[in-house]
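Data first, discussion second: the structure below is written as structure tokens.
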Amino acid sequence: MAQFLGVLQTIGYLALAVLLLMLMITIHEFGHYITAKMLHFKVYEFSIGMGKQIFKRVKKNGEIFSIRLIPIGGYCSFGEDDPNIPDTDPDSFNNKAPWKRLVVLFAGAFFNFLSAIIFAVILLCLVGYGRVVYVGTTFNNRDYGTVEGASETITLTEILNNSYNDEIPANVYLEDGTVFTFTDEMRIESINGQKMNLMPTTGANTILQNTKEGGDVNMVVIMPDHQERVAVTIKSITERQWAAIGNAGYDLPPDEGVYHNFGGALLKSVPFSFEIAGMVLQILGQLVTGQLGMNAVGGTVATVSVMGSSIGQALALPGDMAFAQICFLITLISINLAVFNWLPIPSLDGARMVFVIIEWIRGKPINRNLEAKIHAIGIICLMGFVVFADVFWMINSLTMHLLL
């Protein structure tokens, strides 16, 4: 019975993931739709989902609103790729001024980015901005190379103090040179003069990227008594210490002033969203250059699966924190959608914008049939890559599951 309920719960999380993904796709298409209406474009159909129609409503002006069977994807059709639609209507997509077409094409991803900022505001209002590393974080011993003398699990405190091996001399000191000993109740507030916060590029792991193994690391540690802050130095940081600090669990700082009012959260939300966008671009660059392998890529199935797992973990938290985690998930996926759609890949908004810009510069369009064929080939290749990425992800996940 418990297993059956667990399966139902998992299905529920996946259903929520699909609904959230569809919400973000609908926001994207609504961005196209609302700007097209404002600029007086002729809209043929606004569709939520793909595949066979299961609901259809035709407005008085001829616009079709439809819901389709497959709850992934959607589109706002202007008839720009349909050869059966005459290109003589002054309100048709291809007859509008290039700048107007660029606005409409740009708006979909822009609405995703705007929605990400809105959810980031809610997130920052709920959980604040500051972060500290929780020294009591527990790791599986095997994840950091089996440590002789340590139990199956090992804490960051043990790793920093080298307490599992008395033969290794202490390498953690105060400013006066005396040996410093960590305890589980302590928090690390800053590393090498840089405070950690909710920004993706100002976490412990990212800050440590500029520190080589064997170098010195300066930290400010918040003591458990009276919240006193102490300057601590790790001399010649070891590989295990480096990895453990970077992967330790984050927590809110144990002092006041970490939560934001609406104005403060709004100011932080914009750079926060741009930081995530930069992180997405960096990951894409690493994929292109081969620095990241295919195991870091996933298609629609992988996306829904990871989202479902994240939602399950979030809902296990107290109410406000659960909502905050879901807001973070929506922010992350929305920015991913925005950045990806702006890329100049055939069939995506970015590539369509490139064609419009070329037309604007040349004073005449590239052959419409040729452009349509390029986008058609692009969507086939893109869908093929998505399927391949999902198959690879499922094989990799199954292999890891069997090994563990």
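The values are calculated or read from the model by the stated rules, or taken from the named source; none is laboratory data. All values derive from a computational prediction rather than experimental measurement. Please note: Cβ atoms are built from the backbone with ideal geometry, for glycine as well, and neighbour counts cover all protein chains shown.
Looking at (1) at pLDDT 70 or above; (2) of a type outside the set (Asp, Glu); (3) part of a loop (DSSP other than H, G, I, E, B); (4) surrounded by 14 or more Cβ atoms within 10 Å (Cβ to Cβ), which is the only condition residue 177 fails?
Exception for residue 177: condition (4).
I'm told residue 14 meets every condition in (1) more than 14 Å from residue 107 (Cβ to Cβ); (2) exposed (fewer than 14 other Cβ atoms within 10 Å of the Cβ) except one. Can you identify the failing condition by its number?
It is condition (2) that residue 14 fails.
So which residues in the range 207-222 are surrounded by 14 or more Cβ atoms within 10 Å (Cβ to Cβ) and either without any contact (Cβ under 8 Å) to a residue 24 or more places away in the chain or assigned to a loop (DSSP other than H, G, I, E, B) (or both), if there are any at all?
Applying the first criterion (surrounded by 14 or more Cβ atoms within 10 Å (Cβ to Cβ)) to the range 207-222 yields 207-208, 211, 215, 217-222.
Of everything in the range 207-222, those that are surrounded by 14 or more Cβ atoms within 10 Å (Cβ to Cβ) and either without any contact (Cβ under 8 Å) to a residue 24 or more places away in the chain or assigned to a loop (DSSP other than H, G, I, E, B) (or both) turn out to be 207, 211, 215.
Return the pair list, or none, for Cβ contacts closer than 7 Å from residues in the range 257-278 that are in the same structural domain as residue 337 (by TED's automatic domain parsing) to residues that are modelled with pLDDT of 85 or more and surrounded by 15 or more Cβ atoms within 10 Å (Cβ to Cβ), at least 6 apart or on different chains.
none
Pick from 41, 106, 119: which is surrounded by 18 or more Cβ atoms within 10 Å (Cβ to Cβ) and farther than 19 Å from residue 356 by Cβ? Show your work before the answer.
Working: 41 fails: farther than 19 Å from residue 356 by Cβ; 106 fails: farther than 19 Å from residue 356 by Cβ.
Unique residue meeting the criteria: 119.
Could you please let me know if residue 231 is more than 30 Å from residue 9 (Cβ to Cβ), at pLDDT 80 or above, in the same structural domain as residue 208 (by TED's automatic domain parsing) and part of a helix (DSSP H, G or I)? If you could, list the steps in order and put the result at the bottom.
Working: more than 30 Å from residue 9 (Cβ to Cβ): yes; at pLDDT 80 or above: yes; in the same structural domain as residue 208 (by TED's automatic domain parsing): yes; part of a helix (DSSP H, G or I): no.
So residue 231 does not fit the description; no.
Of the residues 31, 51, 73, which single one is in contact with a strand residue (DSSP E or B) (Cβ under 8 Å, 6 or more places away or on another chain), touching a residue at least 40 places away in the same chain (Cβ under 8 Å), within 30 Å of residue 303 (Cα to Cα) and of a type in the set (Gly, Ala, Ser)? Even if it seems obvious, please write down each step before you answer.
On the way: 31 fails: in contact with a strand residue (DSSP E or B) (Cβ under 8 Å, 6 or more places away or on another chain); 51 fails: touching a residue at least 40 places away in the same chain (Cβ under 8 Å).
It is 73.
Could you check the range 13-65 and list, in sequence order, the residues that are within 29 Å of the chain's Cα centre (by Cα) and either of a type in the set (D, E, K, R) or part of a strand (DSSP E or B) (or both)?
Taking the range 13-65 as the starting set, the residues that turn out to be within 29 Å of the chain's Cα centre (by Cα) are 13-36, 46-51.
Those that are within 29 Å of the chain's Cα centre (by Cα) and either of a type in the set (D, E, K, R) or part of a strand (DSSP E or B) (or both): 29, 46, 47, 48, 49, 50, 51.
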